[in-house]
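These notes concern the structure reproduced below.
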């Protein structure tokens, strides 16, 4: 079953890559994790949970029991340069000049690029659904993957996938 889940994860990556993006500019990084990389990620998440970061240990256990994890990241993104203000700044240049690393992610980033990431995520999980593969979009995976350097990006989100008799991602403790 692991080989099948890896194939579905690659198809999810394809769906994310070809998802529509604002003005056709692609700032999405994509990586499929399996095996040792997944175990490294799970261990780091469980460690965060033991350090008091809420539910990281629970989600780390989900990663450990998954067949693959898809990582999507918004990386080195450029704003649309429309000065639309959706990011909270009057101009795109103001937003770019205020970028900082801190907390779980870097930012601010262009709201249109964040929408691009969301559309790519939606395309990926839709693809998993077409193959009846259980999945869940997880913020905590992105935080740990980014801190481990498993993928580069300002915002990182993870999607673990599984195929069991009951979804391991819901009805959790």
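Where a number appears in this text, it was derived from the coordinates with a stated rule and is not lab data. Since the structure is predicted, the reported quantities are computational estimates derived from the model, not experimental observations. Cβ coordinates were reconstructed from backbone atoms using ideal geometry, including for glycine residues, and neighbour counts include every protein chain displayed.
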Before rounding to the nearest 500, sum -39500 (n - 2.57) across all DSSP H runs of length at least 4 in the chain and divide by the residue total; then give [θ] at 222 nm in deg cm²/dmol. -14500 deg cm²/dmol
Over the chain, with a Gaussian network built from C-alpha contacts below 10 Å, which listed residue (58, 100, 17) shows the highest mean-square fluctuation? 100
If you wrap a convex hull around the alpha carbons of segment 4-141, what volume per residue comes out, as a whole number of Å³? 110 Å³
Among 149-162, 39-52, the order from most to least packed when residues are scored by Cβ within 10 Å on average: 149-162, 39-52
Given a Förster distance of 30 Å, report the FRET efficiency between residue 2 and residue 101 from their Cβ-Cβ distance, rounded to the nearest 0.05. 0.30
Find the relative contact order for the chain and round it to a whole percent, using C-alpha pairs within less than 8 Å whose residues are 6+ positions apart. 30 percent
If I model a spin label as a point 7 Å beyond the Cα along the Cα-Cβ vector, how far apart are those points for residue 164 and residue 132 in nm? 1.8 nm
Work out how far the C-alpha atoms of segment 4-50 reach from end to end along every principal axis, then list the three figures in whole Å, largest first. 43, 26, 12
Relative contact order of segment 119-173, defined on C-alpha pairs under 8 angstrom at six or more residues apart (%): 37 percent
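Full-extension gain between residue 17 and residue 39, please, as 0.36 nm times their residue separation minus the C-alpha to C-alpha distance.
Additional length available on full extension: 5.4 nm.
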